[in-house]
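> Sharing a structure with you now.
The values are calculated or read from the model by the stated rules, or taken from the named source; none is laboratory data. Everything numeric here is computed off the predicted structure, so don't read it as measured data. FYI the Cβ positions are ideal-geometry reconstructions off the backbone, even for glycines, and counts take in every protein chain you see.
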């Protein structure tokens, strides 16, 4: 697939009514400055339920015919130095009446595949209830175990709905045994809800009451090094899309030891583009994680703030739809960097995904962003310049609909040395049409 290959795609569904996509638009790489971009691969599961590894030219370098929710890469150091191992969803089951695109009730098994596509580890039959029911995240740990974010359907006293789609975390050893687990409903009073909000949580008609959509390991960081035990590297970081909170779970006790949200100041349009500033209200957020040691901004939180309707009660949104990527000092609770459409001198609605999506910091200070609702990935510099952009051509059924879409849940950066030696990659510059026209006019 080459840059600017035009493909007919249906309008992205589930967009806010104020946001519409064209019915025909280019796919592949639409702009690329190799000198300013961080050159790498990108891995993602397309709407076609296959996992794709692409290079900077948009060429598919590798394909695994399995879905990823998300597609997760494994550090070669954790698998004997072998390159190109991934964690994916391997099989499905009947989801039951509560099954939906946003939960894991249809997931039977997850597993590890090598570069050739061979399944080298699988988990599902030994899971509680006989199915993995994984959703939104799975990660290989340094001890060889695997973290799985999953769903558990059960009755919980005090809730209006007869059964909850609860969020559970399992740590699974290579033999498939659960060595540690954590259940969200056991910790409802620790997430920062007021008593009035807790009443709304218990009275909700939505069994997927929290919809935790992210699970990461805190990892080595300067806060722990300075003595803050809440940021212990083995602790877990997660966020609730439906409740607008981010939390750190103490791996030893299971207690919530730190949280942001759910109640933050409403966004002030007069100061919304100023940094640093106190953290304001994120809504329906995704992909929160602590920027790893060695990268620009290390120790800060990076989160895709969808500004998609969520909360108990629903949090107020800006007057004009627009998403944000926020880098947050977790101690001062300050926004220290952000990306909005305004950062690229575009109107706010030019960057918007009301659900899914991700953002990752790169070694040169750029940030890779997945505007998931529209299947668009792009790299921005710290000044907001877009230096690489790609639109997924892979189509499939949109979540909760029979419509066709190119939506992508998460896109992850992959370094050149993660793949086997000799794997090709392209780095051909692509000049966006506006710049090309301006340059042509200037040369006349």
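> Just one of 353, 348, 344, 357 is surrounded by 15 or more Cβ atoms within 10 Å (Cβ to Cβ), at pLDDT below 95 and closer than 30 Å to residue 309 by Cβ; which is it?
Working: 353 fails: at pLDDT below 95; 344 fails: at pLDDT below 95; 357 fails: at pLDDT below 95.
From the options 353, 348, 344, 357, the qualifying one is 348.
> Which of the residues that make up the stretch 234-261 are part of a strand (DSSP E or B) and over 19 Å from residue 327 (Cβ atoms)? Give the derivation first.
Step one: list which residues in the stretch 234-261 are part of a strand (DSSP E or B), which gives 236-240, 245-249, 256-260.
Across the stretch 234-261, the qualifying residues are 236, 240, 249, 256, 257.
> So which residues in the stretch 125-135 are surrounded by fewer than 21 Cβ atoms within 10 Å (Cβ to Cβ) and touching a residue at least 12 places away in the same chain (Cβ under 8 Å)? Don't jump to the end; show me each part of the working.
Within the stretch 125-135, the first condition is being surrounded by fewer than 21 Cβ atoms within 10 Å (Cβ to Cβ), and the residues that meet it are 125-126, 128-130.
Matches in the stretch 125-135: 125, 126, 128, 129.
Each row is one residue, and each column tells you yes or no for (1) within 26 Å of residue 376 (Cβ to Cβ); (2) free of Cβ contacts under 8 Å to residues at least 12 places away in the same chain.
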site: 26; (1), (2): yes, no
site: 29; (1), (2): yes, no
site: 40; (1), (2): yes, no
site: 53; (1), (2): yes, no
site: 65; (1), (2): yes, no
site: 88; (1), (2): yes, no
site: 95; (1), (2): no, yes
site: 98; (1), (2): no, no
site: 108; (1), (2): no, no
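> A further question follows. Which residue, of 297, 318, 322, is surrounded by 15 or more Cβ atoms within 10 Å (Cβ to Cβ), more than 21 Å from residue 149 (Cβ to Cβ) and in contact with a helix residue (DSSP H, G or I) (Cβ under 7 Å, 6 or more places away or on another chain)?
Sole residue among the options that is surrounded by 15 or more Cβ atoms within 10 Å (Cβ to Cβ), more than 21 Å from residue 149 (Cβ to Cβ) and in contact with a helix residue (DSSP H, G or I) (Cβ under 7 Å, 6 or more places away or on another chain): 322.
> Okay, moving on. Can you report the number of residues in the stretch 273-294 which are part of a loop (DSSP other than H, G, I, E, B) and touching a residue at least 60 places away in the same chain (Cβ under 8 Å)?
Counting residues in the stretch 273-294 that are part of a loop (DSSP other than H, G, I, E, B) and touching a residue at least 60 places away in the same chain (Cβ under 8 Å) gives 8.
> Can you give me the number of residues within the stretch 1-52 that are modelled with pLDDT of 95 or more, touching a strand residue (DSSP E or B) at 6+ places or on another chain (Cβ under 8 Å), surrounded by 18 or more Cβ atoms within 10 Å (Cβ to Cβ) and over 24 Å from residue 323 (Cβ atoms)?
Adding up the residues that qualify gives 3.
> Do we find a residue being farther than 16 Å from residue 104 by Cβ, at pLDDT 95 or above and touching a strand residue (DSSP E or B) at 6+ places or on another chain (Cβ under 7 Å) anywhere in the stretch 157-167? Give the steps one after another, and end with the answer.
So in the stretch 157-167, the residues farther than 16 Å from residue 104 by Cβ come out as 157-162.
After this cut, where a residue has to be at pLDDT 95 or above as well, the list is 157-162.
Next cut, touching a strand residue (DSSP E or B) at 6+ places or on another chain (Cβ under 7 Å) only: none.
Within the stretch 157-167 (the criterion being farther than 16 Å from residue 104 by Cβ, at pLDDT 95 or above and touching a strand residue (DSSP E or B) at 6+ places or on another chain (Cβ under 7 Å)), the answer is no, since none of the residues qualifies.
> Considering only the stretch 105-119, state which residues are under 25 Å from residue 75 (Cα atoms) and assigned to a loop (DSSP other than H, G, I, E, B). Let's see the steps before the verdict.
Initially, the stretch 105-119 is screened for residues under 25 Å from residue 75 (Cα atoms), giving 107-119.
114, 115, 116, 117, 118 - these are the residues of the stretch 105-119 that are under 25 Å from residue 75 (Cα atoms) and assigned to a loop (DSSP other than H, G, I, E, B).
> Still on this structure, please answer the following. Quick one: is residue 303 within 14 Å of the chain's Cα centre (by Cα) and either surrounded by 15 or more Cβ atoms within 10 Å (Cβ to Cβ) or at positive phi (or both)?
Working: within 14 Å of the chain's Cα centre (by Cα): yes; either surrounded by 15 or more Cβ atoms within 10 Å (Cβ to Cβ) or at positive phi (or both): yes.
Yes, satisfied.
> Same structure, new question: Among 122, 138, which is the only one that is in a strand (DSSP E or B), surrounded by fewer than 18 Cβ atoms within 10 Å (Cβ to Cβ) and touching a residue at least 24 places away in the same chain (Cβ under 8 Å)? If you could, list the steps in order and put the result at the bottom.
Values: 138 fails: surrounded by fewer than 18 Cβ atoms within 10 Å (Cβ to Cβ).
Just a single option satisfies the conditions, and that option is 122.
Matching residues to (1) farther than 21 Å from residue 184 by Cα; (2) more than 21 Å from the chain's Cα centre (by Cα); (3) at pLDDT 95 or above:
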| position | (1), (2), (3) |
| --- | --- |
| 223 | yes, yes, yes |
| 228 | yes, yes, yes |
| 236 | no, no, yes |
| 244 | no, no, yes |
| 248 | no, no, yes |
| 253 | no, yes, yes |
| 258 | no, no, yes |
| 265 | yes, yes, yes |
| 268 | yes, yes, no |
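> Something else: Within the stretch 194-205, identify whether any single residue is in contact with a strand residue (DSSP E or B) (Cβ under 9 Å, 6 or more places away or on another chain) and either closer than 20 Å to residue 251 by Cα or not in a loop (DSSP other than H, G, I, E, B) (or both), and answer yes or no.
Kept after step one, since they are in contact with a strand residue (DSSP E or B) (Cβ under 9 Å, 6 or more places away or on another chain), are these residues of the stretch 194-205: none.
Checked against the condition, which is being in contact with a strand residue (DSSP E or B) (Cβ under 9 Å, 6 or more places away or on another chain) and either closer than 20 Å to residue 251 by Cα or not in a loop (DSSP other than H, G, I, E, B) (or both), the stretch 194-205 yields no hits at all.
> Does the stretch 308-327 contain any residue that is at pLDDT 95 or above, more than 29 Å from residue 198 (Cα to Cα) and not in a loop (DSSP other than H, G, I, E, B)?
No - not one qualifying residue is present in the stretch 308-327.
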